[in-house]
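Worksheet for the structure shown next.
Read-outs throughout are calculated quantities, based only on the coordinates presented, and are distinct from any laboratory measurement. The model shown is predicted, which means the values in this text are computed figures rather than measured ones. Neighbour counts run over all protein chains shown; Cβ positions are idealised from the backbone, glycine included.
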Amino acid sequence: MESFGIRVQKAQAEIKAPKSLYNKFGNYYYRNAESILEAFKPIGTKYSLILKIEDSIEHVGDRYYVKATATLYDTNSENHQSFSATAYAREPEMKKGMDESQITGSCSSYARKYALNGLLLLDDTKDADTDEQKIESDAKTGAKITPQQLGKIKAELLRTGVTEDAILKRYKVTKLEDLSGEMAQNCIGSLAKSKGVKDGN
């Protein structure tokens with residue numbers, strides 16, 4: 001049986017979740033969390049992986065955020081190996097025509113979609129589907145590490161055996177999420193060239 005890291009990599013490479021949903025008002029195609037989950041099911045079975053998504057509410061300043069965490073679990077591992085990615089979405093202060101539960105549900109769906117994007121290395125092209133929901137994203141973009149970069153780094157750590165602590169010490173940060181986008185890209189490039197800790201890389 002192949003290692004957990006290799007199977008995660010293969011699942012990330014094989015999954016196809018095209019933007020097949022169409023918004024006729026905005027004239028664009030998009031994907032949602034449900035379509036990603038549907039695309040993952042046969043791949044999860046093929047590589048003995050279970051996908052679980054959890055939400056939590058975090059209070060930052062005077063606003064509330066939905067934090068979605070998507071995790072892959074190895075069904076063949078006795079020590080329950082796992083690999084996770086997270087994303088955040090912030091509830092708007094007001095949304096005409098929606099009650100509070102609907103606002104939170106839309107916010108959760110948005111956060112979950114981007115957590116899945118990061119976990120499965122789906123493209124990070126910005127969708128316009130959130131325009132109609134008026135949800136403000138707290139995703140780290142621009143100068144900050146993106147969910148996709150974070151997912152790629154974690155996948156490479158699994159593949160190479162390099163420890164997360166080694167990366168944190170190298171870039172002098174306390175957690176991977178503190179890496180800048182440039183640092184993350186540099187880290188991905190370095191890990192991609194590594195054959196593993198046994199080779200001294």
**Item:** Net charge over other residues, Cβ less than 12 angstrom from the Cβ of Glu38 (K, R count +1; D, E count -1)
**Value:** +2
**Complete:** Plugging the Cβ-Cβ distance of Glu2 and Tyr64 into 1/(1 + (r/R0)^6) at R0 = 41 Å yields, to the nearest 0.05, a FRET efficiency of 0.50
**Message:** Beyond a 28 Å Cα-Cα separation, which of these cross-linked pairs lie in this structure: Lys113/Lys175; Lys10/Lys172; Lys16/Lys144?
**Reply:** Lys10/Lys172
**Request:** Can you check what the net charge comes to around Ser56, using other residues whose Cβ is under 13 Å from the Cβ of Ser56 (Lys, Arg +1; Asp, Glu -1)?
**Result:** -1
**Stretch gain in nm, segment Ala13-Ser77, where the contour uses 0.36 nm per residue and the Cα spacing is subtracted** = 20.9 nm
